[in-house]
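I have placed the structure first, in the form of structure tokens, so that the comments after it can refer back to it.
The values are calculated or read from the model by the stated rules, or taken from the named source; none is laboratory data. Since the structure is predicted, the reported quantities are computational estimates derived from the model, not experimental observations. Using ideal geometry, Cβ is built from the backbone for each residue, glycine included, and neighbour counts are taken over all protein chains shown. SASA here: full protein model, heavy atoms, side chains in, ligands and nucleic acids out. Shrake-Rupley method; radii C 1.70, N 1.55, O 1.52, S 1.80 Å.
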Amino acid sequence: MAALGVPSTHNGISLNRIVAWLAASFLLLPILVIIPISLTPERYLSLPTNAISFRHYNSLVTDGRWTKSIVDSLVVGIGATVLATGLGVAFALGAWRLGAPLAKRLRLLLLAPIIVPPIVHAVAFYRAWATLGLLDTYLGLILIHAMKGLPFVVLTVAGTLANVDPRLEQAARSLGANPRQAMGWVVLPQIKAGIIAGAAFAFITSWDETIVALFVTSRAVTTLPRRIWEGLADNIDPAIAALGTVMIALTFAAVAISTLRSTAAKA
């Protein structure tokens with residue numbers, strides 16, 4: 001009998017498993033189409049017919065426009081992640097210690113970057129950054145991306161802090177630890193998973209952000225999403241498909257490594 005009363009086929013395959021595979025296929029198959037497109041020898045997006053070519057993968061490392069975009073995205077993403085993680089952890093810890101209604105209201109206020117449409121951010125930051133001279137600068141884009149990644153850090157760290165007993169920090173203080181030692185030795189190790197998850201979300205948010213980058217950057221800073229956008233608008237460069245294939249491969253590799261480590265830890 002299938003678990004939870006879910007009917008099974010005569011081969012013992014549950015209906016849940018069939019639906020899960022159908023849903024996974026619906027989500028993944030359209031993405032996987034870019035893999036054969038990335039192997040086309042043509043200069044435009046098309047499926048390879050008589051031969052395959054890796055020229056578009058080669059252009060990712062030899063074309064200065066692509067390498068600059070990758071470096072720019074890494075610089076902005078790492079800077080925004082460090083800033084968002086530091087501010088988010090500090091805010092979550094402060095709110096955890098206060099435990100007051102004011103902290104809850106401030107936590108809801110920090111969710112605004114998720115709720116407000118990106119186009120509103122883009123227009124507002126364009127006007128503000130034009131006044132402050134931060135248009136088309138690394139600092140200007142790092143500050144914006146840090147603001148957009150901050151809510152994810154606060155949410156993940158606050159979630160892990162909910163399972164931390166405040167009396168542990170008090171016990172450390174009673175045993176002679178100063179506030180910094182109690183925080184570093186007792187609290188931070190228990191919320192390490194939330195900090196890492198929040199930092200990962202902040203980096204992904206920066207790496208994938210397009211709309212604000214289109215408004216506040218031009219030539220000096222060209223992130224990867226902006227470069228992809230320009231490639232689609234100008235000449236539909238197949239290197240975009242090659243880049244997408246590389247990112248899919250990296251994502252699958254990260255998921256596989258995480259799954260193997262979880263399986264090994266449970267064994």
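Structure summary
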quantity: Test: residue in the range 225-237 that is farther than 26 Å from A90 by Cβ and touching a Gly at 6+ places or on another chain (Cβ under 7 Å); calculated: yes
quantity: Residue tally, condition modelled with pLDDT of 85 or more and either under 10 Å from K148 (Cβ atoms) or open to solvent by 80 Å² or more (accessible area, probe 1.4 Å) (or both), over the range 119-130; calculated: 3
quantity: Filter pass, I240 being within 20 Å of I211 (Cα to Cα), open to solvent by less than 70 Å² (accessible area, probe 1.4 Å) and either touching a residue at least 12 places away in the same chain (Cβ under 8 Å) or within 19 Å of the chain's Cα centre (by Cα) (or both); calculated: yes
quantity: Whichever residue in the range 164-220 is acidic (D, E) and not in a helix (DSSP H, G or I) and, among such residues, is nearest to L134 (Cα to Cα); calculated: E209
quantity: Residue count for the range 167-184, restricted to those that are open to solvent by 40 Å² or more (accessible area, probe 1.4 Å), among the aliphatic types (A, V, I, L, M) and under 35 Å from the mean Cα position of the chain (by Cα); calculated: 1
quantity: The lone exception for W207 - which of (1) among the hydrophobic types (A, V, I, L, M, F, W, C); (2) loosely packed, with under 12 Cβ neighbours inside 10 Å; (3) modelled with pLDDT of 90 or more it fails; calculated: (2)
quantity: Unique match (being part of a helix (DSSP H, G or I), over 30 Å from R180 (Cβ atoms), open to solvent by 50 Å² or more (accessible area, probe 1.4 Å) and free of Cβ contacts under 8 Å to residues at least 60 places away in the same chain) among L29, L106; calculated: L29
quantity: All positions within the range 155-166 that are exposed (fewer than 12 other Cβ atoms within 10 Å of the Cβ) and under 29 Å from the mean Cα position of the chain (by Cα); calculated: A162, N163
quantity: Residue tally, condition among the hydrophobic types (A, V, I, L, M, F, W, C), open to solvent by 80 Å² or more (accessible area, probe 1.4 Å) and modelled with pLDDT under 85, over the range 4-25; calculated: 2
quantity: Meets criteria (in a helix (DSSP H, G or I) and under 26 Å from M183 (Cα atoms)) for P151; calculated: yes
quantity: Top-ranked residue of the range 109-118 - restricted to ones that are part of a helix (DSSP H, G or I) and either touching a residue at least 40 places away in the same chain (Cβ under 8 Å) or closer than 19 Å to T210 by Cβ (or both), ranked as least open to solvent (accessible area, probe 1.4 Å); calculated: P113
quantity: Looking only at the range 139-154, and only at residues there that are out of contact with any Leu (no Cβ under 7 Å at 6 or more places or on another chain) and more than 10 Å from V216 (Cα to Cα), the one that is most open to solvent (accessible area, probe 1.4 Å); calculated: L139
quantity: Inter-residue pairs, beta-carbon under 8 Å, first part of a loop (DSSP other than H, G, I, E, B) and in the range 39-61, second surrounded by fewer than 14 Cβ atoms within 10 Å (Cβ to Cβ) and modelled with pLDDT of 85 or more, 6+ apart; calculated: L39/I52; L39/F54; T40/I52; P41/I52
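Quick grid of which residues meet (1) within 30 Å of T160 (Cβ to Cβ); (2) open to solvent by less than 70 Å² (accessible area, probe 1.4 Å); (3) of a type in the set (D, E, K, R):
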| position | (1), (2), (3) |
| --- | --- |
| I34 | no, yes, no |
| E42 | no, no, yes |
| P48 | no, yes, no |
| S53 | no, yes, no |
| D63 | no, yes, yes |
| W96 | yes, yes, no |
| D136 | no, yes, yes |
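Residue-by-condition table, conditions (1) open to solvent by 60 Å² or more (accessible area, probe 1.4 Å); (2) over 24 Å from the mean Cα position of the chain (by Cα):
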residue: Q190; (1), (2): yes, no
residue: A199; (1), (2): no, no
residue: T223; (1), (2): no, no
residue: T259; (1), (2): yes, no
residue: A264; (1), (2): yes, yes
